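Everything below concerns the one structure shown next.
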Amino acid sequence: MEPDLTPPRPVQSTTASRSPARASALPWLLFVAALAIAAFLAWKLWRPADIGDPLATSLVAFEKQNTLTVFSAQLAPVVSSDDARLFGLVKSKQVAVIPARVDYTLDLSGIGRDRMRWNAQAKTLAVRLPALVVGRPNLDEARAQYLREGVWISRDAQDKLTRDNTRLAERLAVEQAANPVLMNLARGAAKDAIRQNLAIPLQVAGFGEVKVVVAFDGEPTPM
């Protein structure tokens, strides 16, 4: 038997054959990974936001303004004061009409979750408001009208009559501002303002057309 003189074939290394394939695939793998990371970051940035809690959205709307002026009344108190000097021998009187403005405000900082209720099925938010705050009258003494009576009115007497009438006008303006008619007008304006201040943010937040019902302390519960 003659021996096989055919030279042996070189054995190719498996590791050497795979290295170029791995080297050529590596850039693509890095590209795909970078693309996936970019897509994830974009989704996190521009994904549709969760509309969240309607009560939290409403409270944020209140936090932007702690006090809300809902109504202003223009008043014109008519007051009079008397003055007597020299043992009552010199008497004088002053009648004054002093325009005044009184603001009605709501303290929104005291409105929390305990004053709100959300009905998801009816898409209705009920809000219970604290009592209105009647502000201090702002007297416009530059437009005041005065009528003085007396044979002789000294400078001191005139200053005293004016001071007394100013105090009386402030007191009378507060009483007039508490008139039930004006208070009802102010409450109605407050309810309208709260409805608008809450309905728009809720709609922008994604809750759609939301009904907001408002009542003050002591009034029937809206829901």
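Points to keep in mind about this one:
- Listed residues 129, 86, 150: farthest to the positive end of the dipole of segment 63-213 (Cβ charges): 129
- Listed values for segment 77-82 are Karplus-derived 3J(HN,Hα) couplings in whole Hz (6.51 cos²θ - 1.76 cosθ + 1.60, θ = phi - 60°), namely x, 10, 10, 8, 9, 10, and x replaces Gly and Pro.
- Alpha carbon Rg of segment 94-201, scaled by the compact-globule rule 2.2 N^0.38 Å: 1.63
- Just the protein heavy atoms count here, and of the accessible area of segment 81-151 at 1.4 Å, carbon and sulfur take up 50 percent.
- Protection proxy ranking of 103-112, 134-143, by the mean of other Cβ atoms within 10 Å over each peptide's residues and highest first, is 103-112, 134-143.
- A 1.4 Å probe run over the protein chains yields, for segment 134-223, 62 Å² of accessible area per residue, whole-number rounding.
- Its relative contact order, with pairs defined as Cα atoms under 8 Å and 6+ residues apart, puts segment 115-177 at 31 percent.
- Toward the positive end of the charge dipole of segment 78-182, with +1 on the Cβ of Lys and Arg and -1 on the Cβ of Asp and Glu, the farthest Cα among 162, 172, 105 is that of 105.
- Relative contact order %, segment 79-223, counting alpha carbon pairs below 8 Å whose residues are six or more apart: 32 percent
- Straight-distance candidates among the aspartates and glutamates for linking to residue 123, with alpha-carbon spacing under 20 Å and chain neighbours fewer than 8 residues away dropped: 50, 53, 114, 192, 209.
The values are calculated or read from the model by the stated rules, or taken from the named source; none is laboratory data. Remember, it's a predicted structure, so these values are computed and weren't measured experimentally. When we count neighbours, we look across all protein chains shown, and the Cβ atoms used for this are built from the backbone with ideal geometry, even at glycine. Calculation scope for accessible area: heavy atoms of the full protein, side chains included, ligands and nucleic acids excluded. Shrake-Rupley method; radii C 1.70, N 1.55, O 1.52, S 1.80 Å.
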